[in-house]
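For reference, the structure discussed in these notes is given below.
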């Protein structure tokens, strides 16, 4: 089950379920309480006028869970969501969406720390790959690397470039820490030939960025 589906279950509670806790003079859930829903989800925390409002803990039957702030039944403020696959988001929420500053740890150990907008990586952020420890530092848009950024590798090689749809484009510079040198150049799109086993008439052209560099020079 995806992270979005977990959020959807919470948004579509089938009924109010059973409740133990404080109420106001109108018999609304108000104050601290615990609710168990017919779909086996549960919530324990603060209510205000019948709605989750304030700090609380929501547990999903699929193993997902959210600990954090609510405003009128929606995740809003600071909170931590652990998804069914074990990935985790810690940070800011706005109306049930990852929005603002946050840290996401993926199941493979990769980490993104930075800005979010409408559930997507958007703004400035750092993505670190767990297997290589390389990292991207820079701009993001709609979940992809987009704008000025740099790739930093553990072997001392750094790429400074403009990214478009997750790929480097145009003018760029490679820096080599080991011998204090650099190489200027550009990424140009090169159309790939169709695979040998694919009909050329059915092939949709795919272009990938190719590095065209000048001579390596000392800094």
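The values are calculated or read from the model by the stated rules, or taken from the named source; none is laboratory data. Just so it is clear, the structure is predicted and the values come from calculations on it, not from any experiment. Glycine also receives a Cβ, built like all others from the backbone with ideal geometry; neighbour counts cover every protein chain displayed.
Listed values, structure above:
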item	result
Elements of type strands (runs of 3 or more DSSP E) contained in segment 152-219, each with 3 or more residues being at pLDDT below 95 and within 29 Å of the chain's Cα centre (by Cα)	206-213
Failed item in (1) surrounded by fewer than 16 Cβ atoms within 10 Å (Cβ to Cβ); (2) touching a helix residue (DSSP H, G or I) at 6+ places or on another chain (Cβ under 8 Å), with residue 206 passing the rest	(2)
Qualifying positions in segment 107-118 - surrounded by fewer than 17 Cβ atoms within 10 Å (Cβ to Cβ) and touching a residue at least 24 places away in the same chain (Cβ under 8 Å)	none
Only one of 113, 137, 146, 69 that is under 30 Å from residue 24 (Cα atoms), assigned to a strand (DSSP E or B), touching a strand residue (DSSP E or B) at 6+ places or on another chain (Cβ under 8 Å) and modelled with pLDDT of 95 or more	69
In segment 56-93, the residues that are closer than 27 Å to residue 130 by Cα, crowded, with 21+ Cβ neighbours inside 10 Å and in contact with a helix residue (DSSP H, G or I) (Cβ under 7 Å, 6 or more places away or on another chain)	64, 83
Condition met for residue 125 (surrounded by 16 or more Cβ atoms within 10 Å (Cβ to Cβ), within 24 Å of residue 82 (Cα to Cα), at pLDDT 95 or above and in contact with a strand residue (DSSP E or B) (Cβ under 7 Å, 6 or more places away or on another chain))	yes
Test: residue in segment 17-24 that is outside the structural domain of residue 127 (by TED's automatic domain parsing), closer than 27 Å to residue 116 by Cα and assigned to a strand (DSSP E or B)	no
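Results for (1) at pLDDT 95 or above; (2) surrounded by 20 or more Cβ atoms within 10 Å (Cβ to Cβ); (3) within 29 Å of residue 121 (Cα to Cα), shown as yes or no for each residue.
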{"residue": "4", "(1), (2), (3)": "no, no, yes"}
{"residue": "13", "(1), (2), (3)": "no, no, yes"}
{"residue": "31", "(1), (2), (3)": "yes, no, no"}
{"residue": "54", "(1), (2), (3)": "yes, no, yes"}
{"residue": "95", "(1), (2), (3)": "yes, no, yes"}
